[in-house]
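K.L.:
Below is the structure I would like to discuss, written out as structure tokens.
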Amino acid sequence: MKISRIARLSAIGAVAALALAGCAANEGGAAPDSSGEPSASTLEGTLKATGASSQGAAQQAWVAAFQTANPDVTINYEPTGSGTGRENFIAGASDFIGSDRAFKTDEFADGFKTCASDAIVEVPLYISPVAVAFNLEGVDSLNLDAKTIAGIFAGTITKWNDSAIADQNEGVALPDLAISPVHRSDDSGTTETFTAYLNATAPDVWTNEADGVWPIQGGEAAQGTSGVVQAIKAGNGAIGYADASQTSGLGQVHVGVDGEYVAYSAEAAAALVEASPLEEGRGAGDLVFDVDPAAAPAGSYPIALVSYLIACEEYEDENTAALVKAYFEYMAGEEGQQAAADNAGSAPISEGLREKVLAAIDTIKVG
């Protein structure tokens, strides 16, 4: 892995950088001096990151704010898709990654070349609804239950005026037009989130297990979140799934939950995640939610993307550890979460979850 660094921190600078928990979370990295004025940042260097395209808008906001507060730091985040990001982290090609799913425990077997140990930090810093978005002339929204959504993407419901759709949308003029489902062509955590929802809520219709790779033939494939959105916009009759922050201007599906139809929103997505337990059997810094869409409480939105920021618990390089830790603390902080919400429409994590996340980030160190 080739990463340019402007300079390594001195021992004193590294200690100062690693002590920036509260400051980085709330002030973007610059600590106040004894007069109460912000002091110059001691952080410097470059981080290389890849991963979830769903985080693209949030990362733009996070990187801009963090680099403004820390002018000698460069963070290069490339939205390659979650699968590529995880591959890069295993291979040692990224200092940290974003992923729309956490590493599975059986993926730990071969270790992570990025890290000085097998322990990793996974924290859910980007929570967002996955919208089921469509392009149907004259129609802005539709009510669809889980079985109908599953039937559309499984290819068993093929026309927009099918009775399964019409019966849930009385008074809506539905055309005798073929449905064109769009899915991701790349290995995607968004796809895994969506297929997990289909399998959990309509297993008789969608018989495939959750998977980051689209499991069936048919439909149109598109690369990345932007590719899916572009494909939907390009064709009247198209429907697909994508991070809600990037579906502006498209028709939106209100999803059936417990007898009512719920429009996506950051708050409704957060309600699903907050009601979910953490997976057992993981390390202290490995905070992974066990989200069950079939158990979505009333009023929650059942297709919620829980996208993780993933780092090493131990790095070989002192400066890399300092930079990653400070950046993660900023993203987890109230200011960082609000920046993502403003720029990407994501759901800020709760104060209770933030406490757990910051404790996990605090485990990052030099091996």
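K.L.:
Need one word for the range 227-311: rounded, prolate or oblate. Basis is the Cα gyration tensor (sqrt eigenvalues a ≥ b ≥ c); a/c below 1.5 gives rounded, then a/b vs b/c decides.
P.N.:
Details: a/c = 2.99, a/b = 1.52, b/c = 1.96.
Because a/c hits 1.5 or more and a/b fails to exceed b/c, the range 227-311 counts as oblate.
K.L.:
Given the chain, what percent of its DSSP beta bridges are antiparallel, to the nearest 5?
P.N.:
Percent antiparallel among DSSP bridges in the chain is about 55.
K.L.:
Once you list every other residue whose beta carbon is under 11 Å from the beta carbon of residue 176, what net charge do they have if Lys and Arg are +1 and Asp and Glu are -1? Numbers along the way, then the final one.
P.N.:
Working: positive: 159; negative: 162.
With Lys, Arg at +1 and Asp, Glu at -1, the neighbours total 0.
K.L.:
Using unit Cβ charges (K, R positive; D, E negative) and no other charged atoms, how large, in debye to the nearest 20, is the dipole of the chain about its Cα centre?
P.N.:
Details: 17 positive and 50 negative charges, 156 e Å.
Dipole magnitude for the chain comes out near 740 debye.
K.L.:
Rounded to the nearest 500, what is the chain's calculated 222 nm mean residue ellipticity when only DSSP H runs of at least 4 contribute -39500 (n - 2.57) each, over all residues?
P.N.:
Working: 12 runs with 122 residues, N = 367.
Calculated mean residue ellipticity at 222 nm is -10000 deg cm²/dmol.
K.L.:
With a cut-off of 8 Å between alpha carbons and a minimum separation of six or more residues, what is the relative contact order of the chain in percent? Spell out each step's value before the answer.
P.N.:
Values: 856 pairs, mean separation 93.9, N = 367.
It rounds to 26 percent for the chain.
K.L.:
Say the cut-off is 18 Å between C-alpha atoms; which of 104/325; 113/365; 48/113; 48/104 go over it? Please report the intermediate quantities before stating the final value.
P.N.:
On the way: 104/325 23 Å; 113/365 16 Å; 48/113 14 Å; 48/104 23 Å.
From 104/325; 113/365; 48/113; 48/104, over 18 Å: 104/325; 48/104.
K.L.:
What is the antiparallel percent of DSSP beta bridges lying wholly in the range 130-270, to the nearest 5?
P.N.:
Values: 12 of 22 bridges.
Of all bridge pairs located within the range 130-270, approximately 55 percent are antiparallel.
K.L.:
Another question, then. With point charges of +1 on the Cβ of Lys and Arg and -1 on the Cβ of Asp and Glu, referenced to the Cα centre of the chain, which listed residue (130, 216, 199) lies farthest in the positive direction of the dipole?
P.N.:
216
K.L.:
At a Cα cut-off below 24 Å, give the lysines reachable from residue 159, other chains included and same-chain residues fewer than 8 away excluded.
P.N.:
Within the straight-line limit of under 24 Å, residue 159 reaches these lysines: 147, 233.
K.L.:
Something else: ³J(HN,Hα) across the range 114-119 via Karplus (A = 6.51, B = -1.76, C = 1.60, θ = phi - 60°), whole Hz, x for Gly/Pro?
P.N.:
Calculated HN-Hα couplings, in order: 5, 9, 8, 8, 7, 7 Hz.
K.L.:
How charged is the neighbourhood of residue 231? Take every other residue with its Cβ under 12 Å from the Cβ of residue 231, and add Lys/Arg as +1 and Asp/Glu as -1.
P.N.:
Computed value for this residue: +1.
K.L.:
If r is the Cβ-Cβ distance from residue 278 to residue 139 and R0 is 41 Å, what FRET efficiency results, to the nearest 0.05? Walk me through the intermediate numbers first.
P.N.:
On the way: r = 40 Å, r/R0 = 0.97.
Given R0 = 41 Å and the Cβ-Cβ separation, E is 0.55.
K.L.:
Excluding residue 84 itself, calculate the net charge of residues whose Cβ lies under 11 Å from the Cβ of residue 84, where each Lys or Arg counts +1 and each Asp or Glu counts -1.
P.N.:
Around residue 84, the charge tally is -3.
K.L.:
Taking amide H positions as placed 1.01 Å from N in the peptide plane, with prolines and chain starts having none, which residues 5 or more places from residue 183, or on another chain, fall under 5 Å of its amide H?
P.N.:
220, 221, 222
K.L.:
What ranking do 293-299, 195-201 get when scored by the average of other Cβ atoms within 10 Å per residue, highest first?
P.N.:
Values: 293-299: 15.7, 195-201: 22.6.
With the highest mean Cβ count within 10 Å placed first, the list reads 195-201, 293-299.
K.L.:
Where the centroid of each part is defined by its Cα atoms, how far is the range 221-291 from the range 86-142 in Å?
P.N.:
14
K.L.:
Need one word for the range 130-270: rounded, prolate or oblate. Basis is the Cα gyration tensor (sqrt eigenvalues a ≥ b ≥ c); a/c below 1.5 gives rounded, then a/b vs b/c decides. List each step's numbers first, then the result.
P.N.:
Working: a/c = 1.25, a/b = 1.17, b/c = 1.07.
Judged from the Cα gyration tensor, the range 130-270 comes out rounded (a/c under 1.5).
K.L.:
Something else now. For the range 43-62 and the range 296-313, write down the distance between their C-alpha centroids in whole Å.
P.N.:
Taking the Cα centre of the range 296-313 as reference, the centre of the range 43-62 is 19 Å away.
K.L.:
Order these peptides, 305-315, 151-161, 105-115, by their mean beta-carbon neighbour count within 10 angstrom, highest first. The partial results should precede the final answer.
P.N.:
Details: 305-315: 25.7, 151-161: 18.5, 105-115: 14.0.
Answer by packing, highest mean first, reads 305-315, 151-161, 105-115.
K.L.:
Follow-up. How would you classify the chain from its alpha-carbon gyration tensor, with a ≥ b ≥ c the square roots of the eigenvalues: rounded for a/c under 1.5, else prolate if a/b is greater than b/c, otherwise oblate? Present the calculation step by step, with values, prior to reporting the outcome.
P.N.:
Working: a/c = 2.19, a/b = 2.01, b/c = 1.09.
Because a/c hits 1.5 or more and a/b exceeds b/c, the chain counts as prolate.
K.L.:
Helix 318-332: angle to the longest alpha-carbon principal axis of the chain, degrees 0 to 90, nearest 10?
P.N.:
Helix 318-332 sits at roughly 50 degrees to that axis.
K.L.:
For the peptides 120-128, 169-177, what is the packing order when you average, over each peptide's residues, the other Cβ atoms within 10 Å and list the highest mean first? Walk me through the numbers on the way to the answer.
P.N.:
Numbers: 120-128: 26.2, 169-177: 12.0.
The densest-packed peptide leads the list: 120-128, 169-177.
Throughout, read-outs are computed from the coordinates displayed, never taken from laboratory work. Not measured: the values here are computed from a predicted model. With ideal geometry, Cβ positions are generated from the backbone for all residues, glycine too; neighbour counts draw on all protein chains shown.
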